[in-house]
């Protein structure tokens, strides 16, 4: 029997390790640059943690760790020390034992894989969100697994010895991390074995090994569909249903004489991944919030305070505000500059600021207005009074909202690859620090301000060329954050064909209201209110709302950034241009 490789778990592990390697390279470049003072204490701790994680074969994927902890009710450190329910690059414990002991997945391993598959299917894969919500999701998935345990057991039993591929082919396809080569129970340091894999232990995986590639996510989708269709473990055609269903789910369709083939078209929605990368949308959320803070001059206000503090014109004594302003002055070289922030807003939000030759997002503004207008109009339809007061009453369906949300989420996702997620984390921390220092009583007392908004108004008026509409910008900052977070949390609704995109019950039941943390876990009521607030303070006319809420053809949006030819070598560009094929300038 060949090893059973859970490719979806292995792919998540590979992605996690690649992200950690990117962070490690960033820290090492800082250490190698003699013009910088080095890493801060927090960065040093993170750097040490990353090096420790990458120097071990133990699972690095935080999603899988949380699932294993929740299902087993044991801390991850205990599981890792005992090497229980730990997978290395997609190989669970039973698949890493000596060759003569190779067996199918054990019962506990099947349960953990099935639960992880169900969670991936429902897009509940973010371990950083509210722990209580994730535990509830895991418990729900565990209940679904146990209710259909016999179907899961039958599916794993039938599929675990099929779909044989070489391990190297999965590495070359970018599905599995290359450090799987040479790994074995109980795991060691992959960095030390990369150059020369020991040959005295032939069981260690090598590139020529054949493995049975199995996706826990596809198994979960198969079982869920069979259960929904009333299929039980006693079905006389169960084996055939499992085989055909999984082949259709994974895209593996066995050949047969063409004349005997029945017409059975594939369900594209079942084979399609989520419309957007959730991590990218979370980065876009922070960038949008920061852009509105930039509009009210929050960054410039703090920098002006630092300048006044440096020249002795800010009468504050020793305390929290003074400590922060001094630290801000000393670490100014480590922060993003205004031009870098403007370039980021241009890349993600399509703003006109920043370097015109840099990447932009010209479609964002229209897609944004179309989604929030569609949501706003959909909410208005549920109120007779507001519908009667609408100038041009137009029906907006759930599908129009779904389509507008899908277009916007896909657009934000594809323009938030690369540095955006990392820059967003820095911007978030900076804004939290700004909130604390601008709310400091001693600092506010210097200009007689009651709160941070009056303080910002005073500095803008006296030093930065005039007042800014802080009420509008802070309202739109919050509303934008709620809308984008809703898109990130509910992308499964946007990618499906069935069910409500926005719950009518959530909008019409007076006993229901918004969540306690709308910028972290917004519900449908929060979404509608945020769209209404954004349109109201933005002064968008009623006729424009009606116009934007109507559907138009979706723009062409790739699932990942596409090269426009700028990456070609000069020689290749010259040959293409000589052939009459013009390319954009670099």
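Got at least one residue in region 353-362 being in a helix (DSSP H, G or I) and out of contact with any strand residue (DSSP E or B) (no Cβ under 8 Å at 6 or more places or on another chain)?
No, region 353-362 has no match at all.
Kindly establish whether residue 228 is under 24 Å from residue 158 (Cα atoms), over 26 Å from the mean Cα position of the chain (by Cα), at pLDDT 85 or above and loosely packed, with under 10 Cβ neighbours inside 10 Å.
yes
Tell me which residues, restricted to region 7-29, are over 14 Å from residue 61 (Cα atoms) and either surrounded by fewer than 17 Cβ atoms within 10 Å (Cβ to Cβ) or in contact (Cβ under 8 Å) with a residue 24 or more places away in the chain (or both).
Across region 7-29, the qualifying residues are 22, 23, 24, 25, 26, 28, 29.
Of (1) part of a helix (DSSP H, G or I); (2) surrounded by 12 or more Cβ atoms within 10 Å (Cβ to Cβ), residue 336 satisfies all except one. Which?
Only one criterion is unmet by residue 336, namely (1).
Between 396, 384, 375, which is in contact with a helix residue (DSSP H, G or I) (Cβ under 7 Å, 6 or more places away or on another chain) and either farther than 20 Å from residue 504 by Cα or at pLDDT below 85 (or both)?
From the options 396, 384, 375, the qualifying one is 396.
Among (1) within 26 Å of the chain's Cα centre (by Cα); (2) at pLDDT 85 or above, there is one condition residue 43 misses while meeting the rest; what is its number?
If we test residue 43 against (1) within 26 Å of the chain's Cα centre (by Cα); (2) at pLDDT 85 or above, just (2) comes out false.
Only one of (1) surrounded by 18 or more Cβ atoms within 10 Å (Cβ to Cβ); (2) modelled with pLDDT under 90; (3) within 20 Å of residue 376 (Cα to Cα) fails for residue 487. Which number is that?
All conditions pass for residue 487, except number (2).
Restricting to region 81-96, name every residue that is part of a loop (DSSP other than H, G, I, E, B) and under 16 Å from residue 63 (Cα atoms).
Correct list: 85, 86, 87, 89, 90, 92.
The values are calculated or read from the model by the stated rules, or taken from the named source; none is laboratory data. Everything numeric here is computed off the predicted structure, so don't read it as measured data. Note that we place each Cβ from the backbone using ideal geometry, even for glycine, and neighbour counts take in every protein chain shown.
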